[in-house]
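Take a look at the structure below.
The values are calculated or read from the model by the stated rules, or taken from the named source; none is laboratory data. This structure is a prediction, so every number in the text was calculated from the model and none was measured. Quick reminder, even Gly has a Cβ in these numbers, built from the backbone with ideal geometry, and neighbours come from all protein chains shown.
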Amino acid sequence: MRQVLVVHYSQTGQLDRLMQSVCAPLLQRADIHVDFLALQPAQSYPFPWPFLGFFRIFPETVLMRPQPLLPLAVDPAQRYDLVILAYQVWFLSPSQPMTSFLASTEAAQLLAGTPVVTLIGCRNMWLMAQEKLKQRLNKLGARLVDNIALTDACGTAASFLATPLWMFTGRQKPYGWVPRAGIDEAEIVAARRFGEAMAQRLTADGLPVEQPMLTGLGAVHVDEKLIASEKVGNRSFQVWSRLLAALGPPQSRRRGAGLLLYIVFLLCLIVTVVPLSALLKKLMAPLFKARIQREKAYYAGPSGE
C-alpha cells in the first residue's frame, strides 16, 4: 500500500478544488492511501481581506517568518511515499500557513528524505515563491520531484485589477466590466491528468519515487516576460519588508503609516516603471534569447513545460 500525504491551505476554495482534481485518481486506487492535512492558522486570515489588513502581513510573509498554527493532525513518525504541498503565492512568497508548516518539527520529520510534489494556484507570478520553497525543502532533506503551477486565465494585465478585486470583495467577478479572476474551471478539471500520472508511477513498483512523473504533461508554463519582473519585485519586497517590520508589529500605527507610504510607492511603480520595463525587455529580448531560454528551462524544472 502506497502512502500519500497532501498538505494544503486555501482561502478562496480554488486551490482546494484544484487539489481535489489532482488527487481524485489517487483516491480511486485501492492500493494507494491518501491522508489530507489542512493547515489551520491559530489566528485565521480573513476573506475577503480588509484592504490595509492584507498589507499588514506583507513583511512577515516575504521574510518567511512562521506564524502559529493549530496542532497538526498528522503522525510525524509516519513515512510517506509521496507528499503533495498545495500552496498559494502571497507577495511572491509561499503563503504564511505553508511557510509555518515548513518551519514545524512535524515537517522536519515528515519531509526528510521524502519525494515532494508542489502544487501552486496563483495569479501569474510563482517563480520566486517556488525558489524560496525549494530552499526550505533542501534544508529539510526533501526531494522535489515535480511542480504543478496553474495561473489565472484572464491574463497578466487584466489580473492586476481582477485578482485584487476578488481578494477585497470575495467575488471572482464583482462587476460586469471586470474579467473573471482565477484559474479557468476547465483547467482545474483537466488537472486530473497529473494525479493519473502519479497514480501510475506509484503503483508501477515499490521503489522510491526519484524522477519526475509529469514530464510532457504541461505541468507549468514559464512566462519569460515575467522572469525579470519577479526578480526585481522580490528584491524590492525584501527591502521594504525589513523596513516595515522594523516599524513595529502588524497592528501598530507606525507600521500602518509605513504601509500607506509603501502602497503609494507600489501603485506608482505599477503604472510607470512596470510598463516601461516591459517595453524595454521586449525590445532587448533578441539580445538575450539564449539566456532567457536557459532561465525558462531552469524555472520549469523539475517537471518541465
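Values computed for the structure shown
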read-out: Wholly enclosed helices (runs of 4 or more DSSP H) of segment 127-228 bearing at least 3 residues of a type in the set (Gly, Ala, Ser) and modelled with pLDDT of 95 or more; value: 192-204
read-out: Within segment 1-23, tally of residues that are surrounded by fewer than 19 Cβ atoms within 10 Å (Cβ to Cβ), over 19 Å from LEU202 (Cβ atoms) and not basic (Lys, Arg); value: 3
read-out: Every residue from segment 205-249 that is among the hydroxyl-bearing types (Ser, Thr, Tyr) and more than 30 Å from VAL83 (Cβ to Cβ); value: SER229, SER236
read-out: Residues of segment 195-221 classified as among the β-branched types (Val, Ile, Thr) and within 12 Å of ASN147 (Cα to Cα), total; value: 2
read-out: Residue among SER100, SER44, SER104, SER93 that alone is among the polar types (S, T, N, Q) and in contact with a Pro (Cβ under 6 Å, 6 or more places away or on another chain); value: SER100
read-out: Tally of residues being of a type in the set (Asp, Glu) and more than 11 Å from the chain's Cα centre (by Cα) across segment 107-149; value: 1
read-out: Test: residue in segment 245-256 that is out of contact with any Pro (no Cβ under 8 Å at 6 or more places or on another chain), in a helix (DSSP H, G or I) and of a type in the set (S, T, N, Q); value: no
read-out: Selected residue (criterion: nearest to ILE84 (Cα to Cα)) from residues of segment 24-48 that are aromatic (Phe, Trp, Tyr) and surrounded by 15 or more Cβ atoms within 10 Å (Cβ to Cβ); value: PHE36
read-out: Given (1) buried (at least 22 other Cβ atoms within 10 Å of the Cβ); (2) more than 18 Å from GLY218 (Cβ to Cβ); (3) of a type outside the set (Ser, Thr, Tyr), index of the condition LYS134 fails; value: (1)
read-out: Some residue of segment 6-28 being of a type in the set (A, V, I, L, M), part of a loop (DSSP other than H, G, I, E, B) and either at pLDDT 95 or above or within 29 Å of GLY141 (Cβ to Cβ) (or both); value: no
read-out: Some residue of segment 272-295 being out of contact with any Cys (no Cβ under 7 Å at 6 or more places or on another chain), surrounded by 15 or more Cβ atoms within 10 Å (Cβ to Cβ) and at pLDDT 85 or above; value: yes
